[in-house]
């Protein structure tokens, strides 16, 4: 029996500091299927860099419009990192529009109130750094975070360039409005998720591998886990072919 996802548009949401162009290498790897890929942008990034406010409610409104532009039927919804958390929120809010959900190095959020408060403090400090020193200086500190340890030099250079080209005010607003301390955790709602869930993680990304297993264990329709050998958290930059293969396998 053919998969019900065949031929559906793939609406893809990038991570913090990226843009619709973050999926360029994935699109190239998709080859003949590239026309299905519909990369969209979060507020504070890319063409939406000047859109205010950057809140979950406003971003979900943007993404609803993106879903409408993609067509009338259900879509495959993919989200990477921050974009994965937002995509999960959208899938829960618009279940009839999502035929399949692919979370790439993502989580359902921070549950512990103290941890959420601490992350808000950290992201406020980072937002202030962006506003004071600009995106290029911020990019230098961001790519040195432990999350990116072991990334190939070419992936690091691309991430640095993406961030440096961003709008400092927009990125600061995204940290404040879409950071893990700002977006509610939805672990307790995963059993109500209608869409089949696929999780894609890097083999070196131990924290997100554990989170991915937890996502699948809690989901109503776990479709499977894809572990990308040798990769870390930056899957769109490190292993676009593996991400493309996971999307094509739907």
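Relative to the longest principal axis of the chain, what angle (0 to 90°, nearest 10) does the C-alpha long axis of helix 153-164 take? Once rounded, one gets 70 degrees. A simple packing score, the average count of other Cβ atoms within 10 Å per residue, orders the peptides 7-16, 42-51 as 7-16, 42-51, with the highest score first.
Sorted from greatest to least, the principal axis extents spanned by the alpha carbons of the range 159-241 come out as 39, 31, 20 Å.
Normalised by the number of residues in the range 133-250, the average gap of Cα pairs under 8 Å and 6 or more apart makes the relative contact order 25 percent. In terms of the mean number of neighbouring beta-carbon atoms within 10 Å, the peptides 29-35, 233-239 order highest first as 233-239, 29-35.
In whole angstrom, the range 8-105 maps to an equivalent ellipsoid with semi-axes of 19, 16, 12, each derived as √(5λ) from the alpha carbon gyration tensor and ordered largest first. On the principal axes of its alpha-carbon atoms, the range 116-184 has extents of 33, 23, 16 Å, going from largest to smallest.
For the options 151, 25, 72, a Gaussian network treatment of the chain with springs between C-alpha atoms closer than 10 Å singles out 72 as fluctuating the most.
Per residue, the average separation of C-alpha pairs within less than 8 Å and at least 6 apart gives the range 4-138 a relative contact order of 24 percent.
Here the range 28-176 yields Rg over Rh of 0.97, to two decimals, using C-alpha coordinates and the Kirkwood radius. Averaging the sequence gap over all C-alpha pairs within less than 8 Å and six or more residues apart, then dividing by the number of residues, gives the chain a relative contact order of 24 percent.
Taken along the Cα-to-beta-carbon direction at a fixed 7 Å, the label points for residue 144 and residue 194 span 4.8 nm.
Its alpha carbons considered, the range 93-236 gives a radius of gyration followed by a Dmax of 16.4, 45 Å. The protection proxy used here, the mean number of other Cβ atoms lying within 10 Å of each residue, ranks peptides 83-91, 105-113, 220-228 as follows, highest first: 83-91, 105-113, 220-228.
Just one of (1) 17.9, 53; (2) 24.3, 72; (3) 16.7, 56 is Rg and Dmax of the Cα atoms in Å calculated from these coordinates, so which is it? Among (1) 17.9, 53; (2) 24.3, 72; (3) 16.7, 56, the one calculated here is (3). Annotation: the residues 97, 213, sorted from fewest to most other C-beta atoms within 10 Å of their own C-beta, follow the order 213, 97.
A short reminder: the numbers here are calculations on the coordinates, not readings from a lab. The shown structure was predicted, so the numbers you read here are calculated from the model rather than taken from an experiment. FYI the Cβ positions are ideal-geometry reconstructions off the backbone, even for glycines, and counts take in every protein chain you see.
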